[in-house]
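Encoded as structure tokens, here's the structure I'll be asking about.
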Amino acid sequence: MKLSSSESWEVEPGELVRWRAVPGGAAARSSAPVSENERFHLSSIAAGQPGWMALTLDFPEVLDADLLGEVFGTIIARHDALRSHYVPTDDGGVARLLHPGVDVKEEFREAGEGLSAQAFAARLIEHIGATCNPFEPMPHFLAAVIRPGGTTLVCAFDHCYVDARSLAVVSTEICELLAGRGLAPAESGLDALRVLAEGEASVTADDPRLGGWERFLTATGWTVPEFPLDLGVAAGDSLPVHTMVRTLLSGDDAAIFSSTVHRRGARTYPAVLTCAGMAVHAAGGPDEVATVVPTGTGAAPGCVSWSVGNAPMRISATGDLYAAMYRNTRRLAAALPLAEIGLTPVYAAFGDRLRPGRSDVFMMSYVDYTRLPTPRGDVVVRQISSQKPTDTAQWWFWRDRDGIHVRVRYPHTDQAVAVLADTLDTMQALVDSILDPVLAADAG
């Protein structure tokens, strides 16, 4: 899996074939509650902000359009979250409706000759933006770009339906179905959301996990975390988002990095966070870098839905690098249970104390795709995120067979470009300081 963003997306033109998911059967109200993540996101959608995620799969061969339509139909039918949509309720809230079935029909074909790769991608973005409205039934963009030398599949969903793990599941299922192999019964994405809701409902005022949130928010001055370096964005402003993507470690070097930090009592993800935190500190940031770590919560391995919790963490960013990695490994382990209670009890307990800050949250996410099912080796898989204004930086780390990479999304200012490029350079040097002695010893 490769991570990218819509402002830099390019697709080689070809014949665009598009399918439409048509609901089958009468919709009924789902017993799966709408999560806090979904409610925040739907409010943003209602305010006119896009929030879709696209999955692209580049195949080196020409695929049969009829077969693709069948595959898309199977994917939507087997995942209950993809057969749902949202409706406003009389009390000002939102409810989820679920259709029992789906019929995927070819909608149109159009040529893309004469367009550049960037212009063709821009056309796709227009189609996706007009389609992925979660307040309409099955608002999924399902298409193929067919060329003499290959086929690009494009599946776009509003974020309410999928997270990064879900897109990995969908990509593998598409490849398995195209190869003629059967799939095990799907696990329910809506059940994962029920698990989240049950966890929230069980929280009492004396729950120690609420105490963990209180200690975190006290340390941040009762503000939601924001990137601690000045990116040149005035308070209250939001600017178009841009993206930096870097490979920090190759596949072979990532294995060496992991084994090295493991021998020192650390784990890979908190070791990467440590390097990032120390780079932020070196650029003028604090000794303790406060961030939110998205974490899979309640989701079975094969389900599709947005079932992500939010773990608050302060990254120790000073002192000996290995000692900090050890500390942050323990801190991450302590933070993960705090994500299990959901945000609703946190806002209920502390919402009146929170101070206004940035509109976006400074997050540092990590997905290890080597632990998830992967498509066949000659298929290039990408995740494309929609573009919307932002006022802080957000970091996504991911690991795949090609190594460990980072995508940073940030408000586009000259200052942000300079600050983040410098920070990533420092982070790379810290990563290399772990790797280089091992490589030198091996060479010797």
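Among 204, 219, 189, whose Cα projects farthest towards the positive end of the dipole of segment 180-243, with charges put on the beta-carbon of Lys, Arg (+1) and Asp, Glu (-1)?
Highest projection toward the positive end goes to 189.
Would you please give the residues with an amide H less than 5 Å from that of residue 380, counting only those at least 5 places away or on a separate chain, with H modeled from the backbone geometry?
Here the answer is 58, since their amide H atoms fall under 5 Å of that of residue 380.
Here's something else I'd like to know. Order the peptides 410-416, 435-441 from the highest to the lowest mean number of other Cβ atoms within 10 Å of their residues.
Numbers: 410-416: 17.9, 435-441: 11.7.
Listed from highest to lowest mean packing, they are 410-416, 435-441.
Name the shape class, rounded, prolate or oblate, that the alpha-carbon gyration tensor gives for segment 152-243, where a ≥ b ≥ c are the square roots of its eigenvalues, rounded holds for a/c under 1.5, and otherwise prolate holds if a/b is larger than b/c and oblate otherwise.
In terms of gyration-tensor shape, oblate.
Leaving ligands, DNA and RNA out of it, work out the accessible area of residue 136 with a 1.4 Å probe and give it in Å² to the nearest 10.
My reading of the accessible area for residue 136 is about 90 Å².
A further question follows. Just to confirm the number: angle between the C-alpha axis of helix 268-282 and the first principal axis of the chain, 0 to 90 degrees, nearest 10?
60 degrees
Could you order the peptides 160-170, 221-231 from most to least packed, using the average number of other C-beta atoms within 10 Å per residue?
The peptides rank, most packed first, as 160-170, 221-231.
Another one. What number in nm² do you get for segment 367-407 if you take the convex hull of its Cα atoms and divide its surface by four?
Result: a mean projected hull area of 3.6 nm².
On a 0 to 90° scale, report how tilted helix 65-78 is relative to the longest principal axis of the chain, with both axes built from alpha carbons and the result rounded to the nearest 10.
For helix 65-78, the angle is close to 60 degrees.
Another question, if that's okay. Checking the a/c ratio against 1.5 first, then a/b against b/c, what shape does the Cα gyration tensor give for segment 70-124?
oblate
Here's a follow-up. Dipole of segment 286-400, Cα-centred, from +1 at each Lys and Arg C-beta and -1 at each Asp and Glu C-beta, to the nearest 20 debye?
60 debye
May I pose another question? Using a 1.4 Å probe on the protein heavy atoms only, what accessible surface does residue 9 show? Give it in Å² to the nearest 10.
For residue 9, solvent-accessible area is about 20 Å².
Classify segment 1-129 from the C-alpha gyration tensor, please: rounded if a/c falls under 1.5, else prolate or oblate depending on whether a/b exceeds b/c.
Taking the square roots of the gyration eigenvalues as a ≥ b ≥ c, segment 1-129 is oblate.
Given Cβ point charges of +1 (Lys, Arg) and -1 (Asp, Glu) and nothing else, what value in debye, to the nearest 20, does the dipole of the chain about its Cα centre take?
Charge dipole of the chain: 780 debye, to the nearest 20.
Pop out the carbon and sulfur fraction of the accessible area of the chain as a percent, whole number, probe 1.4 Å.
In the chain, the share of accessible area belonging to carbon and sulfur is 52 percent.
Can you tell me which of 76-83, 28-35, 328-335, 259-266 comes out highest on packing, and rank the rest after it, using the mean Cβ neighbours within 10 Å?
The packing order, highest mean first, is 76-83, 328-335, 28-35, 259-266.
Another question, then. I'd like to check one number: the per residue accessible area of the chain, probe 1.4 Å, reported in Å² as a whole number.
41 Å²
Put 215, 109 in order of accessible area, largest first, 1.4 Å probe: what do you get?
Ranked from most to least accessible, the order is 215, 109.
The values are calculated or read from the model by the stated rules, or taken from the named source; none is laboratory data. Not measured: the values here are computed from a predicted model. In this analysis, Cβ positions are derived from the backbone assuming ideal geometry, glycine residues included, and neighbour counts consider all displayed protein chains. Note: accessible area is taken over every heavy atom of the protein model, side chains too, but ligands, DNA and RNA are not part of it. Shrake-Rupley method; radii C 1.70, N 1.55, O 1.52, S 1.80 Å.
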